[in-house]
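A short worksheet on the structure shown next.
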Amino acid sequence: MQFKKVHFLSFFVVVLVLAVILLPGIMAFKSRIENVRTSYRPVCDPIIFVPGSHATINRFNEFLSQLNKSSENTHSILRIEILTKHHFLFHGAIHKGDYQPFIVIGFKNNRDGFANMSRQAKLLSDALKMLEENYRFKHFSAVGHSNGGIIWTLMFEQNDLMKTHVRVTKLVTIGSPFNLEENNPKIKTKLYRDMYSNRYSLPETLCVYSIVGAETLNSDGVVPITSVTNGRYIFQKQVSGFTQILITGQNTEHSDLLKNVQVELLVHQFLLN
């Protein structure tokens, strides 16, 4: 009996010594794992909207309201107007704990034209860098209505995302005129030729949805259907996925696409689910 007590006591002492030696290492290892998890945990995964030419940061107001009504969680809305390079005007805020906020980025100089849209693409890149520094997100989804989709495309092709550490995962273009107002598919504008030539710079992991409005057989009332559908030659075989969807029926005029129930449903399914 005495032998068993001694044996048990020795075993207990050995276990206690091992615990004292190993416990700090185990706790330190757990701490390192938690630090890694925390450092890579995304603070938010925003959806960033860019309106078309001559539109303000309020262009998506009704559209975002409908998205919020159909979502389980309310998404906060931050609107940013770019005045000049590195000068921004903020409206609203991103609420604490909102993993997928809505951010609208517009331009004080919101005129159209190839040269101005190229400048807007660089200003958009500056705004993304500022947002990354302030909100520490590592990836985002993008939506562009009309020329907003062109500005996104120009920015991606300019490789301006390389200035930041963020990665775009999804892009939705709504009625974006990749060949401007040209109705003849055989005639390519300078904008289209440049985007087509630079298509190899598009992010390979990007997934793109192109929504086409068809108020008539030929156009959405402003943009020719062929101008929008020509976008497939820019994206196909350059990005991980490309889908083009033709919308008919009510609210398919160019400006009314953001009031279209089908468009709202598609954006909800593609970006919020």
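Of K186, K122, the residue with the largest accessible area leads and the full order is K186, K122 (1.4 Å probe).
Net charge of the neighbourhood of T252, taken over other residues with C-beta under 15 Å away and scored Lys/Arg +1, Asp/Glu -1, is -4. Quick one: which of K69/K170; K96/K237; K69/K237; K108/K170 span more than 31 angstrom between C-alpha atoms? From K69/K170; K96/K237; K69/K237; K108/K170, over 31 Å: K96/K237; K69/K237.
Taking R0 as 25 Å, what FRET efficiency do you get between N61 and S118 from their Cβ-Cβ distance, rounded to the nearest 0.05?
Values: r = 27 Å, r/R0 = 1.09.
Computed FRET efficiency for N61 and S118: 0.35.
For region 144-273, the square roots of the Cα gyration tensor eigenvalues, ordered a ≥ b ≥ c, give a/c of at least 1.5 with a/b no greater than b/c, which places it in the oblate category. Counting Lys +1, Arg +1, Asp -1, Glu -1, what net charge surrounds I150 among other residues with beta carbon under 12 Å of its beta carbon? Spelling it out: positives minus negatives among the neighbours equals -3. Taking label points 7 Å from Cα along the Cα-to-Cβ direction, I187 and R136 give a separation of 5.4 nm. Of the GluC sites (Glu not before Pro) found in region 122-203, those in coil by DSSP whose Cβ has at most 16 other Cβ atoms within 10 Å are E181.
The residues packed around K85, meaning those with a beta-carbon under 9 Å from its beta-carbon, carry a net charge of 0 if Lys and Arg are +1 and Asp and Glu are -1.
If one computes the Cα centroid of region 198-273 and of region 47-107, what distance in Å separates the two points? About 20 Å separates the Cα centre of region 198-273 from the one of region 47-107.
Of all the accessible heavy-atom surface of region 42-192, with the other protein chains kept in place and a 1.4 Å probe, what percent is carbon and sulfur? Roughly 52 percent of what the probe reaches on region 42-192 is carbon or sulfur.
The values are calculated or read from the model by the stated rules, or taken from the named source; none is laboratory data. None of the values given here were measured: they were computed from a predicted structure. Here Cβ is always computed from backbone atoms with ideal geometry, including for glycine, and neighbour counts include all displayed protein chains. Accessible surface areas use protein heavy atoms only, side chains included; no ligands, DNA or RNA. Shrake-Rupley method; radii C 1.70, N 1.55, O 1.52, S 1.80 Å.
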